[in-house]
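K.L.:
Mind looking over this structure? Questions follow.
Each reported figure results from applying straightforward, stated rules to the coordinates on display, with no laboratory input. Not measured: the values here are computed from a predicted model. Ideal geometry is used to build each Cβ from the backbone, glycine not excepted, and the neighbour counts take in all protein chains shown.
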Amino acid sequence: MRIIIVVGARPNFIKVAPLTSALSSAGVHARIAHTGQHYDAAMSDVFFTDLEIPEPAWFLGVGSGTHAVQTGMAMVKLEELLAAERPDALLVVGDVNSTLAGALAAAKIGVPVVHLEAGVRSRDMSMPEEVNRLVTDQLSSMLLTPVRLADANLFAEGVDAARIHFVGNIMSESVLRNLDRIEDRDVCGAYGLPRAGYVLATVHRPENTDYPQRLGAIAAALLESPLPVMFPVHPRTRPLLDAAGITGTNLARVRLVDPVGYLDMLALQRDAAAIVTDSGGVQVEACMVGTPCVTVRRNTEWTSTIDVGANRLVPAVAGAIADALAGALVGSRTWSMPERWDDRVSARVTEALLGGVIPLVGCA
Ligand code: UD1
Ligand code: UDP
């Protein structure tokens, strides 16, 4: 079997890492096409090194742009690639623009689409990711889901049950496969912060970054944190923090650093007293490493982290964030893991693929 895996943005790299080795052990010929949606070394190369991901066979150099420009550019390049290679399937992961571009290009050229992390829903159509997920799932021949609720979402949207495989959460497998590797990694110590003596923060969602009042509220809550804050800053967010109030003398309370690599980030999450984030992946990882999480968003697609008691969802209002953080800092650090958030996800994906991908009616 010959498949092409599309990646483009930071969370994609982390999700495909366990998969590439499982597929190659099973004799599946899988090659990576990197769209270039993320291109800074700290947003891309570091993950290939940290996670020992095979070098992409194709680098499409799409870069940044509006949604239409970025998605359209990636579609054009992927269409050329698929026409030349004619793989048995195109595997796309998650919900970023590169995922949508891959699904659209493949579905139209008659290459079956396999979607890993299918069926996840925030029910918020103002999120570009929700649009990407909905369309990708409609175009997919095989839908690999991370939670049982995702299966139910897909049934409700009319997807044939034979196409849905509940494989579990691939991000969880990445965490479990790397915890041993970071046992002695003391990233917080290198920044002069004691273990369990700081709050880790990440913010990059447009619903927060593109609204000065919301970003200002998050900044105000972080500045009031009872513990110092370690904040690896996404490039989207970096130019906006000064205006939000994280600047000058405040930088002693909230330490801004460039994006960190996966292994450093995992160690920072494990060792934090609590995490404040709007990231999808970080909500999952916080749950896996046993660190209470406060998610600053209007909704989350990772409701299972809330159900097990690992995560609190709050709006971008300073007082609400501060209250949730106070609760997280004294709250339990133990909970049960959602079903199939384990280290067998890539094995289930491989098994599903080897069972055969049924093309959608009308595909070549
Ligand atoms: C994208 C995804 C989002 C995901 C996030 C992971 C979409 C619609 N959004 O958002 O779902 O959570 O990736 O991090 O696909 N930039 C750089 N260097 C880079 C990459 C980006 O400076 O290597 C800057 C550029 O100014 C760019 C901006 O970040 O315009 C946003 O990048 P983009 O890929 O469009 O969206 P993200 O916010 O990263
Ligand atoms: N991450 C990282 N370094 C950072 C910030 C995040 O390695 O400085 C990792 C994080 O651990 C998780 C992934 O990036 O595995 C999540 O990506 P991001 O938050 O950018 O996107 P999302 O998951 O929200 O789509």
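K.L.:
Let me spell out the model: positive unit charges on the Cβ of Lys and Arg, negative unit charges on the Cβ of Asp and Glu, origin at the Cα centre of the chain. What dipole size does that give, in debye rounded to 20?
P.N.:
Details: 30 positive and 39 negative charges, 58 e Å.
Value, rounded to 20: 280 debye.
K.L.:
In addition: Calculate for the chain the 222 nm mean residue ellipticity that helices alone would give, adding -39,500 (n - 2.57) per DSSP H run of length 4 or more and normalising by residue count, nearest 500 deg cm²/dmol.
P.N.:
Counting only the DSSP helices, I get -12500 deg cm²/dmol.
K.L.:
Restricting to Cα pairs below 8 Å that are 6+ residues apart, what does the relative contact order work out to for the stretch 1-52? Please round to a whole percent. The partial results should precede the final answer.
P.N.:
Numbers: 55 pairs, mean separation 25.8, N = 52.
This gives 50 percent for the stretch 1-52.
K.L.:
Another one. Of Leu354, Leu313, Leu82, which has the largest mean-square fluctuation in a 10 Å C-alpha GNM of the chain?
P.N.:
Leu354
K.L.:
Let me ask something else. Highest first, please rank the peptides 41-47, 94-100, 177-183 by the mean number of other Cβ atoms sitting within 10 Å of their residues. Working shown, then result.
P.N.:
Values: 41-47: 17.4, 94-100: 28.0, 177-183: 13.9.
Answer by packing, highest mean first, reads 94-100, 41-47, 177-183.
K.L.:
Quick check on the stretch 143-206: take the gyration tensor over C-alpha atoms, sort the square-rooted eigenvalues as a ≥ b ≥ c, and tell me if it's rounded (a/c under 1.5), prolate or oblate.
P.N.:
On the way: a/c = 4.78, a/b = 2.35, b/c = 2.03.
Judged from the Cα gyration tensor, the stretch 143-206 comes out prolate (a/c at least 1.5, a/b above b/c).
K.L.:
Right, something else. Of all the C-alpha pairs in the chain, what % are more than 30 Å from each other? Present the calculation step by step, with values, prior to reporting the outcome.
P.N.:
Details: 22846 of 66066 pairs.
The calculated P(r) of the chain puts 35 percent of pairs beyond 30 Å.
K.L.:
What is the distance in Å between the Cα centres of the stretch 146-201 and the stretch 36-100?
P.N.:
Result: 21 Å between the Cα centres.
K.L.:
Rounded to the nearest 0.05, what FRET efficiency is calculated for Ser64 and Asp323 with R0 set to 35 Å and r the Cβ-Cβ distance? Mind dumping the intermediate values first?
P.N.:
Values: r = 36 Å, r/R0 = 1.03.
It comes to 0.45.
K.L.:
Based on Cα coordinates alone, diagonalise the gyration tensor for the stretch 221-341, multiply each eigenvalue by 5, take square roots, and list the semi-axes in whole Å, largest first.
P.N.:
Working: eigenvalues 110, 50, 37 Å².
Equivalent ellipsoid of the stretch 221-341: 23, 16, 14 Å, largest first.
K.L.:
Could I get the Rg over Rh figure for the stretch 3-112? Both from C-alpha atoms, Rh via Kirkwood, rounded to two places.
P.N.:
Numbers: Rg = 12.8 Å, Rh = 13.7 Å.
Ratio of gyration radius to Kirkwood radius for the stretch 3-112: 0.94.
K.L.:
Give me, ordered by chain and number, the residues 5 or more places off Phe166 or on other chains with an amide H under 5 Å from its own placed amide H.
P.N.:
Thr145
K.L.:
Now for a separate question. Give the order of Ile32, Ile275, Ile109 when sorted by the count of other beta carbons within 10 angstrom, beginning with the fewest. Spell out each step's value before the answer.
P.N.:
On the way: Ile32 22, Ile275 27, Ile109 17.
Final ranking by Cβ density, sparse to dense: Ile109, Ile32, Ile275.
K.L.:
Then there is this: How large is log10 of I(q)/I(0) for the stretch 45-165 at q = 0.18, 0.21, 0.22 Å⁻¹ when the intensity is taken from the Debye formula with one equal scatterer per alpha-carbon?
P.N.:
-0.99, -1.22, -1.28
K.L.:
Going by the alpha-carbon gyration tensor, a ≥ b ≥ c the square roots of its eigenvalues, is the stretch 254-325 rounded (a/c under 1.5) or, if a/c is not under 1.5, prolate (a/b greater than b/c) versus oblate?
P.N.:
oblate
K.L.:
Which percentage, to the nearest 5, of the DSSP beta bridges contained in the chain is antiparallel?
P.N.:
0
K.L.:
When you count, for each residue, the other Cβ atoms within 10 Å and take the mean per peptide, how do 199-212, 135-148 rank with the highest first?
P.N.:
Working: 199-212: 19.5, 135-148: 23.1.
Packing order, densest peptide first, comes out as 135-148, 199-212.
K.L.:
If you build a Gaussian network model of the chain, linking Cα atoms that sit under 10 Å apart, which residue out of Thr305, Thr249, Thr20 swings the most?
P.N.:
Maximum among the listed residues: Thr249.
K.L.:
While we're on this one: Can you tell me what share of the DSSP beta bridges in the stretch 144-297 is antiparallel? A percent to the nearest 5 is fine. Spell out each step's value before the answer.
P.N.:
Values: 0 of 15 bridges.
Looking only at bridges with both residues in the stretch 144-297, the antiparallel portion is about 0 percent.
K.L.:
State log₁₀ I(q)/I(0) for the stretch 300-357 at q = 0.18 Å⁻¹ as given by the Debye formula over alpha-carbon point scatterers of equal weight, solvent excluded.
P.N.:
These q points yield log10 I(q)/I(0) values of -0.75.
K.L.:
Still on this model: Arrange Trp335, Trp58, Trp341 by Cβ neighbour counts within 10 Å, fewest through most, would you? Can you show the working numbers first?
P.N.:
On the way: Trp335 16, Trp58 19, Trp341 24.
Ordered by Cβ neighbours within 10 Å, fewest first: Trp335, Trp58, Trp341.
K.L.:
Compute the length gained on full extension between Asp40 and Asn299: take 0.36 nm times their separation in residues and subtract their Cα-Cα distance, giving the result in nm to one decimal. Each step should come with its number before you reach the end.
P.N.:
On the way: separation 259, 0.36 × 259 = 93.24 nm, distance 2.91 nm.
So the chain would gain 90.3 nm between Asp40 and Asn299.
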